[in-house]
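Asks: Dropping the structure in here first, questions after.
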Amino acid sequence: MPPKRKGSVRRETKETKVTVEMNLDGSGQVDIATGIGMLDHLLEQLPRHSLFDITIQASGDIERDPHHLIEDIGIGLGRALSEALGERRSIVRMGHAVVPLDEALALVAVDLSGRGHAAVELPFTSERIGELPTEMIAHHLAAFAVEGRFNLHVRVLAGTNDHHKAEAAFKALARALGDATRIDPRISDIPSTKGKL
């Protein structure tokens, strides 16, 4: 019987309390509450389109500025993903997706390489989508990639509506991660010429 691919992280600071649970072999179950409606909406795309089960319960000093909470959720997601992947044995490792949403089109590519890096190009035209500062979306994704120890490239190829551009990017991220984390029965060891990720 293969080991359970689950991660659980609790991060508590003077500014935030964040709990993240992730099951890579789930069915897309969602339980997300951050206090920022648009952030919830974007994060809900991850389990729905990757088929991971994800629970996020988060609170923090959003009356001051949501920066700390958004960053810490990214950190929690990354650590939970890395824990769930374990040695990263037998995974496909790389994945990509191109996702349209009306006039918007987003491309995401990931490599679960063990090295965290994010190159994110999200050309937003407004400062906020609902209560979510648009500048924090790239910051959140970078925290996720660095703590999750994976390479992340995000490009919005077309679009005029900021909500559509952001949502397409998160849907593409979900599809790419869903593919990259899949177990390939033909791969019996670590998918790297180095022998380690």
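Asks: Cα axis of helix 37-50 to longest principal axis of the chain: angle in degrees, 0 to 90, nearest 10?
Replies: Roughly 20 degrees between the two axes.
Asks: A further question follows. Can you list the lysines whose alpha carbon is less than 19 Å from that of K165, not counting same-chain residues fewer than 8 positions off?
Replies: none
Asks: How far, in nm, would the chain grow between T160 and S27 when pulled straight, counting 0.36 nm per residue and subtracting the alpha carbon separation? Working shown, then result.
Replies: Values: separation 133, 0.36 × 133 = 47.88 nm, distance 3.24 nm.
Value of the extension gain: 44.6 nm.
Asks: As a check on your grasp of the helix formula, calculate [θ] at 222 nm for the chain: sum -39500 (n - 2.57) over DSSP H runs of n ≥ 4, divide by the residue count, round to the nearest 500. Can you show the working numbers first?
Replies: Working: 4 runs with 66 residues, N = 197.
So the helix-based figure for the chain works out to -11000 deg cm²/dmol.
Asks: Roughly what would the spin-label model give for K196 and H117, points 7 Å off Cα along C-beta, in nm?
Replies: Between K196 and H117, the label points sit 2.0 nm apart.
Asks: Another question about this same structure. Would you order M136, M94 from fewest to most other beta-carbon atoms within 10 Å of each residue's own beta-carbon? Each step should come with its number before you reach the end.
Replies: Details: M136 20, M94 16.
Fewest-to-most Cβ neighbours within 10 Å comes out as M94, M136.
Asks: Taking neighbour Cβ counts within 10 Å as the exposure measure, how do R5, R10 sort from fewest upward? Spell out each step's value before the answer.
Replies: On the way: R5 19, R10 13.
Listed from fewest to most nearby Cβ atoms, that is R10, R5.
Asks: At a Cα cut-off below 17 Å, give the aspartates and glutamates reachable from K6, other chains included and same-chain residues fewer than 8 away excluded.
Replies: E21, D25, D31, D53, E83, E87, E147, D179
Asks: Estimate the FRET efficiency between D189 and R11 by the formula 1/(1 + (r/R0)^6), using the beta-carbon distance for r and 22 Å for R0, to the nearest 0.05. Don't jump to the answer; show the numbers that get you there.
Replies: Working: r = 32 Å, r/R0 = 1.45.
It comes to 0.10.
Asks: Return the aspartates and glutamates within reach of K14: Cα separation strictly under 16 angstrom, same-chain partners fewer than 8 residues apart disregarded; answer none if there are no such residues.
Replies: Cross-link targets: D61, E63, D65, E71, D72.
Asks: Report, in cubic angstrom per residue, the convex hull volume of the C-alpha atoms of the chain. Please list the in-between numbers first.
Replies: Details: hull volume 20.8 nm³, N = 197.
Residue-normalised Cα hull volume stands at 105 Å³.
Asks: How large is the charge dipole for segment 6-180, taken about the Cα centre, if only the Cβ atoms of Lys, Arg (+1) and Asp, Glu (-1) carry charge, to the nearest 20 debye?
Replies: On the way: 18 positive and 26 negative charges, 140 e Å.
Charge dipole, segment 6-180, about its Cα centre: 680 debye, nearest 20.
Asks: Sort K196, K6, K165, K17 so that the residue with the fewest other Cβ atoms within 10 Å of its own Cβ comes first and the one with the most comes last. Working shown, then result.
Replies: On the way: K196 9, K6 17, K165 25, K17 14.
Ranking K196, K6, K165, K17 by Cβ neighbours within 10 Å, fewest first, gives K196, K17, K6, K165.
Bear in mind these aren't lab numbers, they're just calculated from the coordinates by the rules spelled out. Quick caveat, the model's predicted, so the values are computed rather than measured. Please note: Cβ atoms are built from the backbone with ideal geometry, for glycine as well, and neighbour counts cover all protein chains shown.
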